[in-house]
Structure formats: structure tokens, C-alpha cells
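Here the structure comes first, spelled out in C-alpha cells, and everything after it is commentary.
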Ligand SMILES: [Zn+2]
């Protein structure tokens, strides 16, 4: 898939959902979502990895504010996977792992802040495909 096609997907999805886009000028693969302003700052989707980042930030706008924040990240990652499926764009194992590790990282932060009870579906999501790569979380989950 060409970058142009990926940009079209993102632009149409944002237009349909009343989301403003600001394209990042740098090549950094990360984004920001301003939920109240319905605005996202995202990288140009020059790769499927960057496209997932775009879907991730759109998902944050669609989901709204959710607590705890690791659960919010989990839902955004899950929804970005659903978007990829909807548009029939395959996710490589490497990218999937990176995204799941991000959820694991968010969870790890929450545990360090004193979280005791982990929402079971998040636990399952992290362990399902990559049981060995939960960033040392095996001690907890
Ligand atoms: Zn996020």
C-alpha cells in the first residue's frame, strides 16, 4: 500500500469523526491526542507501523478519557488493531509485539505506582501472543 492511500484512509476517517489532523514534521513514530479539542498530532503514515500510530491516536479521540490510563492505552491499541483489520492491512508480528509491549509498559508503570488488581482482559491481551515478552511482568501477571 502506498503512503498516499494510507493518508487517504486517515483523512477520511478523521473527517467522518470530526477530528482535526496536524501532521508531524519530524519522522518520529509517535503521536498525541487532544481529546477535548478532537485534535491529533500524527506522523505521516509512511509505513504500517506509523499507520498504526495514526489509528491509535484516532482511537483515543473516539474512546474519550478512560481510567486507569493503562486500560485506556490497552483499549487504544486494541482498537488500532481492529482498524487495521477493517481496512484489511496486515500487522506483522514485529509491529504487533511492539504495540503489545507498549500496553505492558503502561501496565508496568501502573504497578510501580501501586496498582494491585489488574483488569483480566489486559492481562490476557499481553500474555496471549507473546507470553515471554511481558517486560518482566511475569512476576505480576
Ligand atoms: Zn495512547
>> I need the shape label for segment 61-119. Rule: rounded when a/c is under 1.5, else prolate if a/b > b/c, else oblate, with a, b, c from the alpha carbon gyration tensor.
In response: oblate
> Taking the Cα centre of each part, how many Å lie between segment 87-113 and segment 55-71?
Replying inline: 14 Å
> Where in segment 38-53 does the label zone of residue 30 land, with the point 7 angstrom along Cα→C-beta and an amide N cut-off under 16 Å?
Replying inline: 41-44, 50, 53
>> Helix 3-16 against the longest principal axis of the chain: what's the angle in degrees, Cα atoms only, rounded to the nearest 10?
In response: 80 degrees
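Set the Förster radius R0 to 22 Å, insert the Cβ-Cβ distance between residue 89 and residue 115 as r into 1/(1 + (r/R0)^6), and round the FRET efficiency to 0.05.
Working: r = 33 Å, r/R0 = 1.51.
Once rounded, the FRET efficiency stands at 0.10.
Which order do the peptides 32-40, 109-117 come out in when sorted by mean C-beta neighbours inside 10 angstrom, highest first?
Values: 32-40: 15.0, 109-117: 10.9.
Ranking the peptides 32-40, 109-117 by packing returns 32-40, 109-117.
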> In nanometres, what is the gap between the two model label sites at residue 41 and residue 16, each 7 Å from Cα along Cα-to-Cβ?
Replying inline: 2.7 nm
> If one takes the longest principal axis of the Cα atoms in the chain, at what angle in degrees, from 0 to 90 and to the nearest 10, does the Cα axis of helix 120-129 lie?
Replying inline: 80 degrees
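Using Cβ counts within 10 Å as a stand-in for footprinting exposure, how do 74, 102 rank, fewest first? Mind showing how you got there, number by number?
Values: 74 24, 102 16.
With the fewest neighbours first, 74, 102 line up as 102, 74.
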> Once both axes come from the Cα atoms, what is the angle between helix 48-63 and the longest principal axis of the chain, in degrees from 0 to 90, rounded to 10?
Replying inline: 80 degrees
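Where a number appears in this text, it was derived from the coordinates with a stated rule and is not lab data. These figures come from a predicted structure and were not determined experimentally. Note that each Cβ is placed from the backbone with ideal geometry, even for glycine, and that neighbours are counted across all protein chains shown.
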